[in-house]
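To keep things clear, I will list the structure first and then write my remarks on it.
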Amino acid sequence: MSIHVKATPSQFPPPMTSMTPREHGDPCSMVIFGATGDLARRKLFAAVYHLAKGRLLAHDFRLIGVDRATMTDQEFRELVRKSVEASEEISGFDAAIWEEFEQRLYYVQGDLTQTSAYTALRERLHALEARIEARHANRFFYLSVPPFIFREIVDHLSSSGLAPRTEDPKGRPWARMIIEKPFGHDLASALSLNHLVLSHFNEHQIYRIDHYLGKETVQNILVLRAANAIFEPIWNRSHISHVQITAAETVGVESRGNYYEHAGVVRDMFQNHLMQLLALTAMELPHRMQANLVRDEKVKAMRAIRPFTLGGLQETVRAQYAAGQIKGKPVPGYREENGVSPSSATPTYAALKLMIDNGRWRGVPFYLRSGKRMARRTTEIAIQFHKPPYLIDGLTGLEPGTEVDPNILVLRVQPDDGVTFRFSAKAPGAALALTPEIEVASVDMDFTYTEAFEQTLSPAYETLILDCMIGDATLFTRSDEVEAGWHVTDPLLEYWAANPPTQMATYEAGSWGPEPADDLLARDGFAWRKP
Ligand code: BG6
């Protein structure tokens, strides 16, 4: 049962931003390192094309792809065109927009470990920037490359002079870089990478991307809390019993078995995406929507997470998907995937409980779970409130306080981005005339973005690329935030590494994960929501 609340434009909150409104991103050269790679082809080209379609790119914008493959500009344009046409995230390919857009695409061949690649890029950039005003010669480098090469690229960018260090965040021309995840493999490597990056550049030039922050519902968490009078007063331990954060995927490791074997679910999903969802839910509200103020509060929330105790570590759950069925089709188990060892102990699923030791959250468990090859693709934050303190006798004919479901506020990140509020209502019928009992049922009040706003949502990468072009780092992670995330997950990774399972637990592909994950909540008297 659901009640649809349809928003009208007049109900929308005013945009919460300290930025001066603008019509498009700054003029710039966007350089994509790893331009023939998977991420560029699946996400980045389509996102930039869509910005062009929305007239959100400056007149002086150009995209330069850099990679090892030998290719002419024309061949690169074909590659981009195919990627854009194949993208499921953008609606409709517009030939007229494309004709204009493709003129802005260029390609430079080069091995990113060699100085010659940067020399070739510098020459190309000089030629392309020759006719534009010097203050418009902004440059933005997207490191869409495997992490082992980050360090070399950062060194080269600095020593080649392609990306000078700048002190003033408002200075022109600017040089910025987007660094893809994973940012480090553990705390020590993240610290060392931050050290290296910050020895060449200023923090305001670095945009560490976590694409979850570009998702509409994730951005909506703060708006929901700040632009409504009813949520913030009850957003605390007095009213909330626990929080469940789920990121379930139906896909397996696909072609990324090699990467995943070294990452596993905690590095791939928890340290970044789930930690961000937790931080945005748990943080105090900043007094202004300004990048550093928002990030300060996130860091404080993450630092208040209680370090794992041995008991806490022992309670955590890890497992691997075994063969099963997804949407009626048989799929192999993790150990049968390409690039995966047949005796692998890499978890594709994890569930854990975190406590936040501050006045707002003390005593409220945050349960986090994520897995591949699960029953449904769904990412959500479910905020479960305490059960009603008492009931009217005879309301359900049962003992007061035992049977009514608690209220749950579900922030649906995907699919069907939106919010659901679950509450109790009288079930219809004339039961009262026949028996002295009133039936109570749970019903949902539902808000779905696409329905309420009657538009498709922008892909996360589009939002984030535009933010980088206008210099708004609110949706990017700062160095201390990345480190705070590793502080939480490092002890778990170390404990798991030191205590390999005698037999790796499994869950059937297409299921809701392994049974011990249910025990994690059952011990506290709760159960996972089945989204
Ligand atoms: C990536 C992970 O960061 O996020 C992938 O590396 C995962 O393994 C993906 O599949 C999930 O993103 P989304 O947007 O599909 O939830």
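P(r) tail for the range 55-180, what percent of Cα pairs lie past 18 Å? When every Cα pair of the range 55-180 is considered, 60 percent fall beyond 18 Å.
Of all the C-alpha pairs in the range 141-182, what % are more than 16 Å from each other? Cα-Cα pairs of the range 141-182 separated by over 16 Å account for 39 percent. Across 5 Å bins from 0, what is the distribution of all Cα-Cα pair distances for the range 465-511, in whole percents? The percentages, shortest bin first, are 5, 15, 12, 12, 12, 13, 11, 10, 7, 2, 0. Charge tally for G363 (other residues, Cβ to Cβ under 14 Å; Lys, Arg +1; Asp, Glu -1): +3. If you take the square roots of the eigenvalues of the alpha-carbon gyration tensor of the range 437-493 and sort them as a ≥ b ≥ c, do you get rounded (a/c under 1.5), prolate (a/b over b/c) or oblate? Oblate, because a/c is 1.5 or more while a/b does not exceed b/c.
Only helices enter this figure: runs of n ≥ 4 DSSP H residues, each worth -39500 (n - 2.57), summed and divided by the residues of the chain, yield -9000 deg cm²/dmol at 222 nm to the nearest 500.
Take the convex hull of the alpha carbons in the range 444-531; its mean projected area over all directions comes to 10.8 nm².
To the nearest whole percent, what portion of all C-alpha pairs in the range 308-368 is separated by more than 15 angstrom? Roughly 65 percent, once rounded to a whole number.
Size of the range 203-318: Rg and Dmax of its alpha carbons, in Å, are 16.4, 48. Along its first, second and third principal axes, ordered by size, the range 207-250 spans 33, 25, 18 Å in Cα coordinates. Rounded to 0.05, the FRET efficiency of the S343 and R376 pair, given R0 = 30 Å and the Cβ-Cβ distance, is 0.50.
Indicate the gyration tensor shape class of the range 79-147 (rounded, prolate or oblate), computed on the Cα atoms with a ≥ b ≥ c the square roots of the eigenvalues: a/c under 1.5 is rounded; otherwise a/b larger than b/c is prolate and the rest oblate. Oblate.
Each principal axis of the Cα cloud of the range 192-271 was evaluated for its coordinate range; sorted largest first, these ranges are 45, 38, 23 Å. Rg and Dmax of the range 281-425, based on Cα coordinates, read 20.3, 61 Å. Excluding same-chain neighbours fewer than eight residues apart, the aspartates and glutamates reachable from K298 by a Cα-Cα span under 15 Å are D210, E284, D357, D480, E481, E483. Scattering from the chain was approximated by placing one identical point on each alpha carbon and applying the Debye formula without solvent; log10 I(q)/I(0) at 0.06, 0.07, 0.09, 0.10 1/Å stands at -0.32, -0.43, -0.71, -0.87.
Taken together, the values in this text are just the output of simple stated rules run on the coordinates, not laboratory data. Everything quoted here is computed from the prediction, not taken from an experiment. Neighbour counts are summed over all protein chains in view; Cβ atoms, including those assigned to glycine, are modelled from backbone coordinates with ideal geometry.
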